[in-house]
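The values are calculated or read from the model by the stated rules, or taken from the named source; none is laboratory data. Remember, it's a predicted structure, so these values are computed and weren't measured experimentally. Here the Cβ positions follow ideal geometry from the backbone for every residue, glycine too, while neighbour counts run over all protein chains shown.
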Amino acid sequence: MCLSIYKKTKCGLTTDFKTMYINRNEQLLILNGVSTDLAKLNEIVASKSGEEKLFFNDLYLFLEEWLNDSPTISVQTSGSTGLPKKIIVSKENMIQSAIATCRFLGLKEGDKALLCLPTQYIAGKMMIVRTLVCRLNLYAVVPSGHPLQNIDHAIDFAAMIPAQVYNSINTPLENKRLGKIKQLIIGGSGISKELENLLHEYSNNVFSTYGMTETLSHIALRRINGKKYEHSYTPLPNIKVWLDKDSTLIIDAPQICSDILHTNDIAQIHKDGTFTVIGRKDNTINSGGVKIQIEQVEEILSEYIKEPFIVSSIPHSKWGEEVVLLIESQNGDAEQYKELIKHLPKFWQPHHIVFTKKIPLTNNNKIDRSQSKLLLRDILPI
């Protein structure tokens, strides 16, 4: 069956918002303007080579799994805060998540959507599901740091990670294309203050997302540009949030996740029902009894350090933990950074500044904080 939100109309024929196709048997993949079934998609895979072949084969495998009779699907977590794992999720819940996003953003049938994220993970899978549910026109490009490089037409809806957005801003042609995306959502990792500032004057709608694999992508959005800039996240309809005794966020999203979800995210909930994320509970450094939130330190330093960096820690016999600044640089000058860290409160300032050729990343291009800690333990005496 399909769902027409605002008025009764023959399914699939309405030209205004917004018909949702919630029956998987009625969902169509529109790829580059052409209705594409599994057979046609298989032909596309056969015509490709290299990375393109692998990417479109992953798209084929997901669509094949999505259209089978099973009510569930397997999804892999990113592993940014622990070991990657596979979880089983309901296809119906994925459809409900897609409906919530399409409604919130005002997407309509025929809008052009860009898939530029790996389909092995929930963000890429949900982009496909949204196109099926809302019957969007999907343009798929191999995930890279420059997803707009070969996109020569206007896009109505796209989801990117911060690194892709940052690269696009700093490439003139891609920058123009970025500004023409009507609805841009950014997720996968935190958005730096620098990136927010760069996006502030854009006239399109740009949102930061909050969510995780278990919530089937995002459950809240925050406008990060223009006159409607928001400091806190607004939960999507039918989603409730509150705090545990340790100030970590609890999520009740019955249409998306059957269980109440206890997160590791330290948050503040405001009177209007919006919330602000302070940082992850497992990203708290306890140094001499002073609790230091990694994300807050990184937000301040991001205004002064232009190279990729993270804040981490190593064990200390007296203080428990010591704060460490890890910077991605071939020829770093420690003295230069010693001046920059003076912008931090005294007890937040790193005791060590370490340089590395590459900050460890997960397969999903998120910072791998666990591997970064192991790297620091190999470099620094403990």
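General remarks:
- Qualifying residue in the range 256-269 (condition: of a type in the set (A, V, I, L, M), outside any loop (DSSP other than H, G, I, E, B), in contact with a strand residue (DSSP E or B) (Cβ under 7 Å, 6 or more places away or on another chain) and more than 25 Å from residue 344 (Cα to Cα)): yes
- Residue under evaluation residue 223, criteria (1) touching a residue at least 24 places away in the same chain (Cβ under 8 Å); (2) closer than 17 Å to residue 102 by Cα, criterion not met: (1)
- Test set (1) within 19 Å of the chain's Cα centre (by Cα); (2) within 18 Å of residue 211 (Cβ to Cβ) - residue 133 fails condition number: (1)
- Qualifying residue in the range 361-370 (condition: surrounded by 18 or more Cβ atoms within 10 Å (Cβ to Cβ), among the small types (Gly, Ala, Ser) and not in a loop (DSSP other than H, G, I, E, B)): no
- Matching residues, the range 260-280, being among the charged types (D, E, K, R) and either modelled with pLDDT under 90 or farther than 22 Å from residue 216 by Cβ (or both): 271, 272, 280
- Residue within the range 55-67 that is loosely packed, with under 13 Cβ neighbours inside 10 Å and modelled with pLDDT of 95 or more present: yes
- Every test in (1) free of Cβ contacts under 8 Å to residues at least 60 places away in the same chain; (2) more than 19 Å from residue 216 (Cβ to Cβ); (3) in a loop (DSSP other than H, G, I, E, B) is passed by residue 57 save one, and that test is (3).
- When every residue of the range 75-87 is checked against the conditions, none turns out to be at pLDDT below 95 and either part of a helix (DSSP H, G or I) or acidic (Asp, Glu) (or both).
- Filter result (surrounded by fewer than 16 Cβ atoms within 10 Å (Cβ to Cβ) and touching a helix residue (DSSP H, G or I) at 6+ places or on another chain (Cβ under 8 Å)) within the range 23-41: 28, 34, 38
- Scanning the range 338-355 finds no residues that are farther than 18 Å from residue 294 by Cα and in a loop (DSSP other than H, G, I, E, B).
- Hey, residue 308 surrounded by 15 or more Cβ atoms within 10 Å (Cβ to Cβ) and over 26 Å from residue 245 (Cα atoms) or not: yes
- Only one of 358, 373 that is in a loop (DSSP other than H, G, I, E, B), surrounded by fewer than 19 Cβ atoms within 10 Å (Cβ to Cβ) and in contact with a strand residue (DSSP E or B) (Cβ under 7 Å, 6 or more places away or on another chain): 358
- Tally, over the range 357-377, of residues that are aliphatic (A, V, I, L, M) and over 17 Å from residue 294 (Cβ atoms): 0
- Looking across the range 282-299, the residues that are aliphatic (A, V, I, L, M), modelled with pLDDT of 90 or more and assigned to a strand (DSSP E or B) come down to 285, 292.
- Screening the candidates 321, 303, 328, 299 for the property of being touching a Lys or Arg at 6+ places or on another chain (Cβ under 9 Å), farther than 12 Å from residue 192 by Cβ and surrounded by fewer than 20 Cβ atoms within 10 Å (Cβ to Cβ) yields one hit, 328.
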